[in-house]
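Working notes for the structure below.
The values are calculated or read from the model by the stated rules, or taken from the named source; none is laboratory data. This structure is a prediction, so every number in the text was calculated from the model and none was measured. No Cβ is skipped: glycine too gets one built from the backbone with ideal geometry, and neighbour counts run over all protein chains shown.
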Amino acid sequence: MENEKMEIDGVELSMSDSTKTSEITSDDIPMEDSAINHSSTDGTTVDGENDTVYPIAVLIDELKHEDLSLRLNAIRSLNTIALALGAQRTRDELISFLDESIDDEDEVLLVLAEELGRFVQYVGGDEYAYTIIRPLENLASTEEPVVRDKAVESINVISDAMDQSQVEKYLVPCIARLSQGDWFTSRSSAAKLYPKAYVKALPETKEKLKIGFEKLCNDETPMTRRSAAGSLKDFISVLSPEDVVEYGIKNFVFLSNDDQDSVRLLTIEPLIEIAQILTGEQNLKHLSESLNKLCSDKSWRLARALKDDSLQAHLGEVGLQLMEDQEAEVRGAVCTQLAGFSEIMSLDTLIEKVLPRLQTLSEDSMQHVRANLAKNVTGLCEKFGPEKTVEHLLPLFLRILKDSFPEVRLNIISQLEQINKVVGIEQLSQSLLPAIFELAEDKQWRVRLAIIEYVPLLASQLGVQFFDEKLSNLSMAWLGDPVYSIRNAATVNLKALIEVFGVEWACKSIIPKIMAMANHPNYLYRITTIFAITTLAPTVSSAVIRDLVLPTVETLMNDPIPNIRFNVAKSLEALTPVLKSDAATSSLVDTKVKAILKKLSEDPDQDVRFFANKASFATGITV
């Protein structure tokens, strides 16, 4: 087999042609198959011996649909398609198709990157893990940072399943290509892949990887150097002590002298890692100069790693000074290390010297400073304890919850569970819940989403009566939110609540309200009813589906909006197994469910017919 050559800083690495993927389009897919058929343009099946739909054709149709939720659903259904195709065709056709044909919004690409990280079992197991690398490599080069980060995370997960030969033949060349990319995006992603590859690489390849990583530490773009600095700790952790001295310290020095504050800030963790690996004598010999320099910059956290009481006291004072630094970047960086303060300072010192500065920082003119404070201030709760947290920190939390900047509010909300662990739910509900209820209707949808995700925990600890009185109406209102992510989260939230309070409570308090939304004049409420039905189906009994859900489904199958009608068909895929599981309701499958699917399979809308036929196949119902 022919091999291409890739270089990392002048060092050649081979890349097998088998890492390349073949081009594939919907027109290239062979349409004959003894076990799998496809739909004709009028929605009926062709060669329908098995009454099935060709999986990749289905995927292509949904990926090209104008409805974002359908495209997202197609990506989330990749595992189902892979199972239908089998491991070999998944490797040969599906992976190649995803590699060559995906060009979508960032939200879709993010889900794709996440799904591929769990795809090893569908391509045939660890032996074929390398086949998933190529599409993830493409995603690791995209412009959107969250997509790149998720792709890198998935590659690292897959690398755990790869043996040394796969790492040498596929992962290392992937890193080489990314490292040599024209844009900083690919080089930034490459920096995060070196540690995993280094662990499994051959000795000669390890030398090449060290050279490649060093080149990224000296990259011309600060974004790449920042990524290298962020990955240096993990890379140092897999080096031998000898390599740490010879190689790790050298790269640390490069980055700690960077002219960009944002790069220097990230060298604190690598320096701590170095200090923990080396002996006290080696620390004194190799790190004293860097430590003195960084003490006047931003690295007071080193005190704990170096285990020196006098140094801890000195650096604690440095940290207090940095809280009042003229540069907002410095003030924001110190806020990220508040948990470290609690480890090297007494409680009295924290209350006397740190708390007043935190109150000032909560009103800082720079939003990112306040955001960093909100995300990290709860790190003091454990040291303060329940009583002191209520006395000294809760007033600060309330002030942060009312901040004008949504990210600040969101950051403190994300830490509610940590606050709860210290002060208890009763104190939390008395002190913070009024502010939380206000945020439940915040104009920023991410803030509302954070509140929704916290509701099941609140409900489980506050009890059913409290929920019915305080949270029930709020939870139902979210189902009609104009933002899809909120509506979707609200349905998942209701499922979690049923698991907490039980089906009997749901039949009385929640499900009737959901079913009533089916008659709402607003399209969003009606389609959310279908989404809720589909989500809740596994958690409720067959009797609930028979008595409350099916009548609503029958109503919605005649809805004037095609999207609602084809979602009715999709919901039946979730409802049918529950009905079949109970002898008292199984007969409904051959009567009501079959009648609904038959009517939808004759619908004038092509998409409705398509999903009706798909649901028929999935449920084993012949219409």
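Figure legend. Inter-residue proximity from region 422-448: first residues over 13 Å from Val483 (Cβ atoms), second residues in a loop (DSSP other than H, G, I, E, B), beta-carbon distance below 8 Å, spacing 6+ or different chains. Indicated pairs: Ala435/Lys402. Among the residues of region 314-341, those identified as assigned to a helix (DSSP H, G or I), surrounded by 16 or more Cβ atoms within 10 Å (Cβ to Cβ) and over 30 Å from the mean Cα position of the chain (by Cα) are Leu315, Gly316, Val318, Gly319, Leu320, Leu322.
The one condition from (1) touching a residue at least 24 places away in the same chain (Cβ under 8 Å); (2) within 25 Å of Leu139 (Cα to Cα) that Phe252 does not meet is (2).
On the stretch given as region 540-551, residues that are surrounded by fewer than 22 Cβ atoms within 10 Å (Cβ to Cβ) and in a helix (DSSP H, G or I) total 8. In summary, Ala537 fulfils each of the numbered conditions (1) assigned to a helix (DSSP H, G or I); (2) at pLDDT 85 or above; (3) not basic (Lys, Arg) with the single exception of condition (2). Taken across region 205-218, residues that are over 27 Å from Tyr130 (Cβ atoms) and either touching a residue at least 12 places away in the same chain (Cβ under 8 Å) or not assigned by TED's automatic domain parsing to the domain that holds Lys150 (or both) do occur, with at least one present. For Met517, the conditions (1) farther than 24 Å from Pro551 by Cα; (2) modelled with pLDDT of 85 or more are fulfilled apart from (1). Keeping to region 229-270, report how many residues are assigned to a helix (DSSP H, G or I) and crowded, with 19+ Cβ neighbours inside 10 Å. Qualifying residue count, region 229-270: 20. Here the helices (runs of 4 or more DSSP H) wholly within region 111-216 that include at least 2 residues being in contact with a strand residue (DSSP E or B) (Cβ under 8 Å, 6 or more places away or on another chain) and either crowded, with 23+ Cβ neighbours inside 10 Å or among the small types (Gly, Ala, Ser) (or both) are 172-179.
Let's see how each residue does on (1) under 17 Å from Leu322 (Cβ atoms); (2) at pLDDT 90 or above; (3) surrounded by 19 or more Cβ atoms within 10 Å (Cβ to Cβ):
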residue	(1), (2), (3)
Leu350	yes, no, yes
Leu361	yes, yes, yes
Met366	yes, yes, no
Val369	yes, yes, yes
Asn411	no, no, yes
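The requirement of being assigned to a helix (DSSP H, G or I) and touching a residue at least 60 places away in the same chain (Cβ under 8 Å) is fulfilled somewhere in region 471-485, by at least one residue.
Can we say Val238 is touching a Ser or Thr at 6+ places or on another chain (Cβ under 9 Å) and among the β-branched types (Val, Ile, Thr)? No. Restricting Ser475, Ser460, Ser431 to residues that are closer than 16 Å to Lys513 by Cβ and surrounded by 15 or more Cβ atoms within 10 Å (Cβ to Cβ) narrows the list to Ser475. Within region 604-623, restricting attention to residues that are over 37 Å from the mean Cα position of the chain (by Cα) and at pLDDT below 90, the residue that is surrounded by the most Cβ atoms within 10 Å (Cβ to Cβ) is Val623. Going by the conditions given, is Asp106 in the same structural domain as Ser159 (by TED's automatic domain parsing) and either surrounded by fewer than 21 Cβ atoms within 10 Å (Cβ to Cβ) or among the polar types (S, T, N, Q) (or both)? The answer is yes for Asp106.
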